[in-house]
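This report refers to the structure that appears directly beneath it.
FYI, it's all coordinate maths here, none of it is from the lab. Values in this document were obtained by computation on a predicted structure and should not be read as measured data. Cβ placement follows ideal geometry from the backbone for every residue including glycine, while neighbour counts extend to all protein chains displayed.
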Amino acid sequence: MHSTSTNPYSAYRQTSVATASPDKLLLMLFDGAIRFLIQARVAMEEKNHEATNKWLQKLQDIFMELNLSLDMKQGEVSVNLRKLYEFYQNEVLMANVEKSVERLQPVEDFLRSFRETWAEAARIVNQQHNELGKR
């Protein structure tokens, strides 16, 4: 019996996720997605189809999680985000089927851009929250 709690890295990662704020969790998802995409691209360039498939499936799982995290009661923004996430999830699927590094570049561009956008939005909200708390 080997428990993940005996692995300090796994325990730290589980604690980080369990205690993270929603904005931090979202950034962690984008960071993971970018990391998996890079690993998939390297595996694809090395013609390692098994590793390519593994990393791209993990990337698809993150897009699915991003989709599930949407609050559809928020209206048009959530609907548009869902369409974007589904589009890029499909691009990852097609990149995997075609073993196409080129199809991954727009996905990476999207992930990096959205990660920056969410990080800036979180920074602004946190700054405003802190300023209100000082009054």
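Here is how the numbers come out for the structure above:
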| quantity | calculated |
| --- | --- |
| Sole exception among (1) without any contact (Cβ under 8 Å) to a residue 12 or more places away in the chain; (2) not in a helix (DSSP H, G or I); (3) not acidic (D, E) for N130, by number | (2) |
| All positions within segment 61-88 that are surrounded by fewer than 19 Cβ atoms within 10 Å (Cβ to Cβ), within 22 Å of I38 (Cβ to Cβ) and not acidic (D, E) | M64, N67, L84, F87 |
